[in-house]
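Okay, structure first, notes after.
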Amino acid sequence: MTTTDSGVPHVHAELLVASDSHIQRCAQALKQGLLVAFPTETVFGLGAAVNQLVAIEGIFKAKGRPSEHPLIAHVAPGADLTGWVAEVTPTMQKLMDAFWPGPLTLVVPKGACMPLQVTGGQSSVGIRCPSHPVAIELLKATGVPVAAPSANRFGKVSPTRASHVLAELGDRIPLILDGDVPEVGIESTIVSLLNDQPAILRPGAITAAQIEGVLGVAVKTHGQVSKTPNANPRVSGALEKHYSPDAKVWVLNANELFVVPVQQKTLCVGWSDAFLAQADALREKHGKVVVEALSYNPSEVAKALYATLRQADELACKQVLFEKPEESAEWEAVNDRLKRASA
Ligand code: TXA
Ligand code: MG
């Protein structure tokens, strides 16, 4: 292993297809303070055991992420949270019972054993129990929570395939565990339980309405939270530009397609007959246009979203023309990611 000028170790990642022995090997590596990328049902995470502080520091270096950005701690189903969170309140318990394992991160006061390096120096911690079977087995075998941001370079598109992690971090981390493709495809919903009223810090597959249904109280939606100036400066997913491919992303209706110049190679992604017909017309006229049809369903679009944005770069497209979904609660998470990708 050599070290680059930035202090990032230079390695060649080993790609391991999940099997009992590979999961055990990755858990051992985590316990010894190595970084391991692994699949979750949302996106791939870049993991370090929370009690391995050099490895935690290595996450920030590998991603090029500012160290004050807090990480999410991942736990296995039924894990004892004593010491990791200050207290399991009745509200927290209700949400855990309803949505764990699954794509919901709870921001709660941290416990005494949770290092400040994980929480970006804050007294709260984001904690989540993923439902991907490989993540569950890995967390069980590791025995301590695993801090894991999405396994991409800072500001880039989150990875939904092991090949995405390999392309972006393969020269910076030793191990990538592969498994079934993430079912959800975009990052977990983050709900803060720090104030009287629960607040959505990042929209995801689990909606405010679902959380309200379980708690029986009103939840501040992400729209309400993000209108408060500097409401959560430490949520990197809250930065205006994030989740971006190198290609420029435009989010448009069918009747706006013709306003974008298509001299450069362009990827058009949509679902409506009108949008796809316009995109086909562009392709016939200009040639350098690739058209990809998705089915109009928030879960399907979320699942395909990041791989599609990455495909633009893989195909050397300079721009992506993405069909604009409706503005409704069920599309909020996809709209949020598209807005940031196009910022
Ligand atoms: O689905 C996911 O959540 C994925 C997978 C790997 O689990 N992880 C993920 O991590 O998206 P990351 O680091 O890319 O995004 C975590 C977000 C960040 O925006 C961070 O600021 C926020 O969670 N976060 C973590 N702890 C927090 C805290 N104590 N207070 C406020 N925000 C917090
Ligand atoms: Mg991320």
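Please treat every number below as a calculation from the coordinates, not as lab data. Everything numeric here is computed off the predicted structure, so don't read it as measured data. Because the Cβ atoms are built from the backbone with ideal geometry, glycine has one as well, and the counts that use them run over all protein chains shown.
Place a +1 charge on the Cβ of each Lys and Arg in the chain and a -1 charge on the Cβ of each Asp and Glu, then give the dipole magnitude about the Cα centre in debye, rounded to the nearest 20. Each step should come with its number before you reach the end.
On the way: 30 positive and 34 negative charges, 173 e Å.
Charge dipole, the chain, about its Cα centre: 840 debye, nearest 20.
Pop the C-beta distance of Glu14 and Ala316 into the FRET formula with R0 = 30 Å and round what comes out to the nearest 0.05.
Working: r = 29 Å, r/R0 = 0.95.
With R0 = 30 Å, the Cβ-Cβ based efficiency is 0.55.
If you take every DSSP beta bridge fully contained in the chain, what fraction is antiparallel? Give it as a percent rounded to 5.
Working: 18 of 48 bridges.
Antiparallel: roughly 40 percent of the beta bridges in the chain.
So what J values fall out for the stretch 266-278 if you push phi through Karplus, 6.51 cos²θ - 1.76 cosθ + 1.60 with θ = phi - 60°, rounded to Hz, Gly and Pro as x?
3J(HN,Hα) across the stretch 266-278, in whole Hz: 10, 9, 9, 10, x, 9, 6, 4, 5, 5, 5, 5, 4.
Output ³J(HN,Hα) for the stretch 286-294: one whole-Hz value per residue in order, computed from phi by the Karplus curve 6.51 cos²θ - 1.76 cosθ + 1.60 with θ = phi - 60°, and x for Gly and Pro.
Listing the rounded values in order: 10, x, 6, 10, 9, 10, 10, 9, 10 Hz.
Say the dipole of the stretch 14-226 comes from +1 at the beta carbon of Lys and Arg and -1 at that of Asp and Glu; which of Val125, Val144, Ser188 then lies farthest toward its positive end?
Final value for the positive-end residue is Val125.
Over the Cα atoms of the stretch 248-341, what is the Rg over Rh ratio if Rh follows Kirkwood? Please list the in-between numbers first.
Working: Rg = 12.3 Å, Rh = 13.2 Å.
So for the stretch 248-341, dividing Rg by the Kirkwood Rh gives 0.94.
Could you calculate the contour length gain from Ala167 to His286, that is, 0.36 nm times the residue separation minus the distance between their Cα atoms, to one decimal place in nm?
Taking 0.36 nm per residue and subtracting the Cα distance, the gain is 39.8 nm.
At a Förster radius of 35 Å, what calculated FRET efficiency corresponds to the Cβ-Cβ distance of Phe154 and Asp180, to the nearest 0.05? Show your work: numbers first, answer last.
Values: r = 27 Å, r/R0 = 0.76.
The formula returns an efficiency of 0.85 here.
Straight distance only, please: which aspartates and glutamates reach the Cα of Lys63 with their own Cα at less than 14 Å, same-chain residues fewer than 8 apart left out?
Glu168, Asp171
What dipole magnitude, in Debye to the nearest 20, does the stretch 248-341 give about its Cα centre under +1 on Lys/Arg Cβ and -1 on Asp/Glu Cβ?
That gives a dipole near 540 debye.
Taking H placed 1.01 Å from N in the peptide plane, check which residues at least 5 places from Gln319 or on another chain put their amide H under 5 Å from its amide H.
Here Lys248, Leu267 satisfy the definition.
Using alpha carbons only, how many angstrom separate the centre of the stretch 51-111 from the centre of the stretch 117-140?
If we compute the Cα centre of each part, the gap is 4 Å.
First measure r as the distance between the Cβ atoms of Asp80 and Asp273, then evaluate 1/(1 + (r/R0)^6) with R0 = 41 Å and state the FRET efficiency to the nearest 0.05. Numbers along the way, then the final one.
Working: r = 53 Å, r/R0 = 1.30.
Approximately 0.15, to the nearest 0.05.
With an 8 Å Cα cut-off and a minimum separation of 6 or more residues, compute the relative contact order for the chain in percent.
Values: 749 pairs, mean separation 65.7, N = 343.
It comes to 19 percent, rounded to a whole number.
Run the numbers on the stretch 35-127 and let me know its relative contact order in percent, using alpha-carbon pairs under 8 Å that are six or more apart. Before the final figure, lay out the partial values.
Working: 128 pairs, mean separation 29.8, N = 93.
Value for the stretch 35-127: 32 percent.
As I understand it, the value is the acute angle between the Cα axis of helix 53-63 and the longest principal axis of the Cα atoms of the chain; what does it come to in degrees, rounded to 10?
The two axes meet at around 10 degrees.
In deg cm²/dmol and to the nearest 500, what is the mean residue ellipticity at 222 nm of the chain if only DSSP H runs of at least 4 residues count, each as -39500 (n - 2.57), divided by the residue total? Let's see the in-between values first.
Details: 10 runs with 106 residues, N = 343.
Roughly -9000 deg cm²/dmol at 222 nm, from the helical runs in the chain.
Step through the residues of the stretch 302-318 one at a time and calculate ³J(HN,Hα) from phi using the Karplus curve (6.51 cos²θ - 1.76 cosθ + 1.60, θ = phi - 60°), rounding each to whole Hz and writing x for Gly and Pro.
Working through the residues one at a time gives 4, 4, 8, 3, 5, 5, 5, 5, 5, 4, 4, 5, 4, 8, 6, 7, 8 Hz.
Under a point-charge model restricted to the Cβ atoms of Lys and Arg (+1) and Asp and Glu (-1), what is the dipole moment magnitude of the stretch 161-213 relative to its Cα centre, in debye to the nearest 20?
Values: 3 positive and 8 negative charges, 22 e Å.
Its charge dipole is roughly 100 debye.
Taking 7 Å along the Cα-to-C-beta vector as the label spot, tell me the Ser21-Glu300 distance in nanometres, rounded to one decimal.
Computed distance between label sites Ser21 and Glu300 equals 4.1 nm.
Express in nm, to one decimal, how much length is gained between Thr91 and Gln122 on full extension, taking 0.36 nm for each residue of separation and deducting their alpha carbon distance. List each step's numbers first, then the result.
Working: separation 31, 0.36 × 31 = 11.16 nm, distance 2.11 nm.
Gain on stretching Thr91 to Gln122: 9.0 nm.
Given axes a ≥ b ≥ c from the Cα gyration tensor, I'd like to know whether the stretch 105-254 is rounded (a/c under 1.5), prolate (a/b larger than b/c) or oblate.
Details: a/c = 1.56, a/b = 1.15, b/c = 1.36.
Oblate, since a/c reaches 1.5 and b/c is not below a/b.
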